[in-house]
1. Apply the Karplus curve 6.51 cos²θ - 1.76 cosθ + 1.60, θ = phi - 60°, to the phi angles in the stretch 457-470 and return the couplings in whole Hz, x for Gly and Pro.
2. In the structure shown, do any of Lys265/Lys542; Lys265/Lys294; Lys266/Lys296; Lys265/Lys368; Lys54/Lys97; Lys265/Lys304 have a Cα-Cα gap over 31 Å, and if so which?
3. Given the Cα-Cα distance of Arg382 and Gln355 and 0.36 nm per residue of separation, how much length would full extension add, in nm?
4. If you restrict to DSSP beta bridges whose two residues both lie in the chain, what percentage is antiparallel, to the nearest 5?
5. When the C-alpha atoms of the chain are aligned to their principal axes, what extent does each axis show, in angstrom, from largest down?
6. Listed here are the pairs Lys45/Lys80; Lys280/Lys320; Lys503/Lys593; Lys349/Lys593; which of them are more than 26 Å apart at the Cα?
7. Mind checking the full-extension length gain between Asn406 and Leu81? Use 0.36 nm per residue of separation minus the Cα-Cα distance, one decimal, nm.
8. How large is ³J(HN,Hα) for each residue in the stretch 331-337, as worked out from phi by the Karplus curve 6.51 cos²θ - 1.76 cosθ + 1.60 (θ = phi - 60°), to whole Hz, x for Gly and Pro?
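Derivation of every value follows stated rules applied to the coordinates shown; laboratory data play no part. None of the values given here were measured: they were computed from a predicted structure. As a convention, Cβ positions derive from the backbone with ideal geometry for all residues, glycine included, and neighbour counts pool all protein chains shown.
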Amino acid sequence: MPPPSKTVETLLVEKGSLTAEQAEAAQKDAQANGGNVAAAIVRLKFLPEETVAKAIAELQGTRFVNATALKQEVMDVLSKLVPGDVAYKYKAILVGKRLNRYTFAVADPLDPSLIRLNDDFLRGKPGEIEFWVSGPGMIDEALAKYFPGGPAKKPVPAASASAPGGEGGMTDSGSIRLADGPQGGPELDVEVVAEPGEGDADTGQVDEAPIVRFVNQIIFNAVELGASDIHLDPMEEGVQLRYRIDGVLHDIPPPGLPDHKLLPKKWKRALAAVVKVKTKQMKIEERRRPQDAKIKIKVPSRDKPIDLRVSTLPIVWGEKIVMRILDTGKLFGLNELGMEPEELAKLEKAIHMPQGMCLVTGPTGSGKTNTLYSAINAINSRDKNIMTAENPVEFQLPGINQVQINIDQGMTFPAALKAFLRQDPNIILVGEVRDFEEVDIAVKAAMTGHLVLSTLHTNDAPSTVTRLLDIRDPVSGAGTDPGIIASALTIVIAQRLMRRICKNCKKPFQYPEEAFRGAGLNPKDFQGVELMKGEGCPTCGKTGYKGRVGIYEVMDMTRAMRDLVMVRADANKLRDQALKDGMSTLRMSAIKKAKAGVSTLEEVREATIE
């Protein structure tokens with residue numbers, strides 16, 4: 001079952017406004033009497049309506065406004081722009097207008113019926129609607145106050161609407177100031193949105209206003225759920241929404257469209273157009289070639305901006321969109337990576353050496369970049385010149401000189417490395433070493449008084465050494481001298497990520513013997529150990545897991561290891577020596593995490609092969 005968005009009662013419990021017992025009582029009340037849990041919380045007098053409405057606003061990435069406390073002179077104007085039957089039908093109060101952008105206060109911005117508000121209110125005119133949250137009682141009181149004639153009240157035509165002068169009235173530009181949003185709120189910003197693009201051949205045009213809101217909502221939900229990627233997959237019958245959470249892709253019910261497993265077919269091109277417009281870099285009309293862009297977004301629940309790496313790819317049924325979320329607020333300290341104390345000590349010793357090469361290896365998505373950034377952050381100081389060459393620059397770190405690789409402009413990894421050596425560096429981070437020239441420059445830099453950190457794609461730590469020896473010049477066929485690698489290499493770290501058991505629903509679990517054998521383990525090795533498993537709860541989206549933890553092979557280059565490298569020993573001999581020197585394999589590290597109650601046997605099987 002895919003993890004749902006966080007519920008209002010869960011958020012209120014996390015904030016300490018509501019007890020778990022009250023949340024459970026509200027859930028039962030909503031089931032018994034109909035309606036939603038938020039209404040039940042207010043009905044049972046657990047919390048004021050305003051508190052609950054503010055939580056809904058926070059949850060949905062918008063703002064709260066008290067619909068009953070708006071400036072009368074402004075509402076005299078705004079209420080004339082909305083037909084009474086439209087206001088009552090959707091229980092929506094217009095609280096702000098700027099140019100062609102309208103802000104409505106509603107009880108639930110994700111109510112699917114609000115999609116039709118565009119047609120009933122705008123009636124074919126250009127414009128965009130956004131929603132703020134107010135309490136249902138506040139909405140009802142505001143309807144009675146501003147539409148005393150009831151649903152049949154006729155509006156003054158928008159073209160002839162006038163307003164008193166002064167604050168809150170019509171401005172010279174023809175816009176209306178917000179009707180007293182939070183703390184008197186500022187004017188609504190004007191956002192650049194795409195012109196309505198081509199619809200699918202069999203569906204015609206599509207209004208993009210609800211799609212703009214939808215894209216904003218799925219990005220906000222993904223950040224709140226801790227997703228690393230958002231996937232929009234076009235199919236024959238519509239578009240599938242998926243989030244990658246803790247390394248696993250989940251189908252996600254589209255927000256605001258609870259009865260649909262897929263997004264409407266007619267949204268295909270409009271979704272791509274809206275995402276491209278947000279990047280301000282992609283060409284909307286280009287649908288036959290892949291495009292990439294990177295943008296910064298501000299999410300209400302985060303203090304710092306979040307980077308989105310956006311990629312589009314033409315496939316059979318349309319353009320597939322993937323948005324990778326790079327949350328710079330999630331940079332970990334070294335002691336938070338999940339290393340065992342002896343492993344952490346080896347890493348700290350290596351990165352505090354004045355020279356040498358530290359390599360981190362593993363597949364895509366195994367956390368290599370996070371480990372490197374954590375290491376760089378730990379040794380960053382004003383007396384060091386730190387330079388990085390990355391493609392792309394995923395986290396922007398203060399005090400560090402970061403270079404974005406741009407092959408089209410000649411800024412390749414070798415070009416950046418050569419330039420770095422003329423910039424008096426102490427520490428160099430290279431996103432990845434892949435070919436002979438990169439390896440040759442990096443190794444020589446590590447031999448000449450520089451600390452070099454980089455990544456490589458190999459399955460484990462010992463095979464990293466043999467991979468370095470196998471990388472050869474495509475012209476001459478020469479490779480790097482094993483003596484140089486033996487002298488330059490300081491430490492190799494192989495890593496993977498395992499899902500953590502959710503702390504909120506963690507319980508002791510008795511695995512049957514078949515489960516141990518299925519994971520390639522001996523049940524006798526776990527005698528006397530209390531293993532744990534998550535039962536599934538709202539906090540973890542019923543998955544039993546919340547967050548991830550690293551498992552590591554930390555291979556220290558001891559004297560014995562260097563001797564083996566000098567004679568080009570194979571990976572098996574290197575592994576045997578590393579084990580003698582105290583290295584734990586990835587499988588051993590994963591088992592430790594399971595025995596410590598951090599992860600499960602299932603994750604041992606998924607994360608490691610032995």
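1. With coefficients 6.51, -1.76 and 1.60, one gets 9, 9, 7, 8, 5, x, 6, 5, 5, 5, 5, 4, 5, 7 Hz.
2. The answer is Lys265/Lys368; Lys265/Lys304.
3. On the way: separation 27, 0.36 × 27 = 9.72 nm, distance 1.79 nm.
That works out to 7.9 nm of additional length.
4. Working: 54 of 84 bridges.
For the chain, the DSSP antiparallel bridge percentage is about 65.
5. For the chain, the Cα extents along the three principal axes come out at 92, 60, 51 Å.
6. Working: Lys45/Lys80 35 Å; Lys280/Lys320 18 Å; Lys503/Lys593 14 Å; Lys349/Lys593 24 Å.
Violating the 26 Å Cα-Cα cut-off are Lys45/Lys80.
7. Working: separation 325, 0.36 × 325 = 117.00 nm, distance 5.10 nm.
Result: 111.9 nm gained on full extension.
8. Per-residue couplings from phi come out as 6, 8, x, 4, 6, 9, 6 Hz.
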